[in-house]
Structures are given as C-alpha cells and as structure tokens.
Amino acid sequence: MLHDAILLTGGGQRLGLYHAERILDHGRPLIVTYRTPRPSVEHLVSRGAIAIQADLSSTDGIAACIQAVQTHAASLCAIIHNASLWLDDAHIAQHPADFSAMLHVHVHAPYAINLACEPLLRAGTAHLSDIIHISDTGVRSGDAHHAAYMASKAALENLNLSFAARFAPHIKVNTIAPGLILFNDADTADYRQQRLQQSALGFEPGAHVVWQAIECLLNNPYITGATLPVDGGRHLI
C-alpha cells in the first residue's frame, strides 16, 4: 500500500494528465482516477502511478472509487479534485439526467471522497495535509449557456468553505478557479480571439499555471478556505 500518496481525480487527459506527470516528476506516490481508458493512463502506470477506472457521475461509481482508494493507500498527503464534466445548457435540455451527472462529478464525489478519506489524510506523516478543488472562474460572473455547469461548480466552492472549517487545523482545504487555460484543437480562430479578449492578460497560458497554483497551495501552510483565481484578470474586463 502507498504511504503519503496524492489522489488526483480525472488525470487521463489535458490538465489532469499534466498534473499527474508533474506529481510523478517530483517522485510522489500517485493514485489517479480516470473514466475512459487512454494510452496516457497506461503511460502513467508505466511511470509508477496506480490508476483507478472510476465513473464519478453515479453514486455507485463514487463508492467503488472510494473503496479502491482505500485498498491502495495507507495514507494520503493530498487530494486534488480535478475530474470535471463540461456540458452546456443545450445538451442538458436534451438530456436532463446529465445535470445530475454533473452534480455527482462536481459535488457528490468531492463530498463523499473528502469524508471517506479524512482518516487517510490524517494518517500521513506531514503536519498538514491538503484538499484542492478545481472549480471555474465563471462562477463569479455566470454563463448564459452553461448555467447548470456553473451552478454545480458554485456548489463545489461552497463545499470548499465548509470542509475548510470542518477539517482545520490538520487539513487545509482550498479551491483553484481557472479561466482560459488551454484551447482545444477544434477551437476556431474566432472563438480563440473571443476568449482571449475575456482576460486582462490576453494570452493562452498553458497547464503549467494551474500546476503552479497547486504547488503554491501545497507548499503554503497558512492558506485554507480560499479560492485562488487563475484567469488572467478576467474580473478586470
């Protein structure tokens, strides 16, 4: 069993994969969850990670994930809730049950995992353990086309406050709220330009800026109950 491991949800692609690689680069024991099998997950396993296939969009899937984590970890030093489900309101109108799926991924899963893994976080050798939730900077302004998604992320940020109060002083609990970080290959030039204009700094920063925020929270012993925006100054526009 792993000791002082980091649990990272949603580590099979994009930002989650980048964070998983950085954790392994630092020689830290890693448990990573993923929903869809990918070569990237196989690569993480080849580097020493324990990978758990988990569907966090259902109650049964969350319970199975927790059981698997408890099987592999003797203690945790951090949990990073990166798993996310990005669905617009047009999709939700056609598939109303998927609103519940988003709530499971963004709220139910972090809630259940935090509670179940509290003993593992307290069992670590470090004086302080960490929980980091990955939210969305759009929570502060809303989104006309992603109301359901933003509502679920807003619930996650409120959950952050409650767990920070509950787990102090032994476990720090914080949120990172990214804005534009990394375009998709299919994004059009017009869309990219529109998004770049939504931040004061106006450039696509890449996944490393979120990782820098994660490192900041992990390394600072005096931050809890905070939401750290990583959005290029979106509130200034």
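The values are calculated or read from the model by the stated rules, or taken from the named source; none is laboratory data. Source: prediction; values computed, not measured. Heads up, the Cβs are rebuilt from the backbone with ideal geometry, glycines too, and the neighbour counts pull from every protein chain shown.
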Of the residues in the stretch 21-57, those that are within 17 Å of Ala68 (Cα to Cα) and among the acidic types (Asp, Glu) come to Asp55
Members of the stretch 1-54 found to be out of contact with any strand residue (DSSP E or B) (no Cβ under 9 Å at 6 or more places or on another chain) and either buried (at least 23 other Cβ atoms within 10 Å of the Cβ) or at positive phi (or both), listed by number: Arg14, Gly27
If a residue has to be of a type in the set (Gly, Ala, Ser), crowded, with 22+ Cβ neighbours inside 10 Å and either in contact with a strand residue (DSSP E or B) (Cβ under 6 Å, 6 or more places away or on another chain) or under 15 Å from Pro169 (Cα atoms) (or both) to count, how many in the stretch 123-157 make the cut? 2
Can Leu103 be described as part of a helix (DSSP H, G or I) and either surrounded by fewer than 19 Cβ atoms within 10 Å (Cβ to Cβ) or aromatic (Phe, Trp, Tyr) (or both)? yes
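Matching residues to (1) within 20 Å of the chain's Cα centre (by Cα); (2) acidic (Asp, Glu); (3) assigned to a loop (DSSP other than H, G, I, E, B):
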residue	(1), (2), (3)
Leu56	yes, no, yes
Ala64	yes, no, no
Ala68	yes, no, no
Ile80	yes, no, no
Asp98	yes, yes, no
Given the criterion acidic (Asp, Glu), more than 22 Å from His104 (Cα to Cα) and in contact (Cβ under 8 Å) with a residue 12 or more places away in the chain, identify the matching residue among Asp4, Asp25. Asp4
Residue identified as modelled with pLDDT under 95 and either within 15 Å of the chain's Cα centre (by Cα) or not polar (S, T, N, Q) (or both) among Asp136, Asp60, Asp143: Asp143
Can you pull out every residue in the stretch 217-237 that is in contact (Cβ under 8 Å) with a residue 24 or more places away in the chain, farther than 10 Å from Leu201 by Cβ and part of a helix (DSSP H, G or I)? Leu217, Leu218, His235
For the stretch 158-205, name all the residues that are outside any loop (DSSP other than H, G, I, E, B), surrounded by 12 or more Cβ atoms within 10 Å (Cβ to Cβ) and small (Gly, Ala, Ser). Ser162, Ala164, Ala177
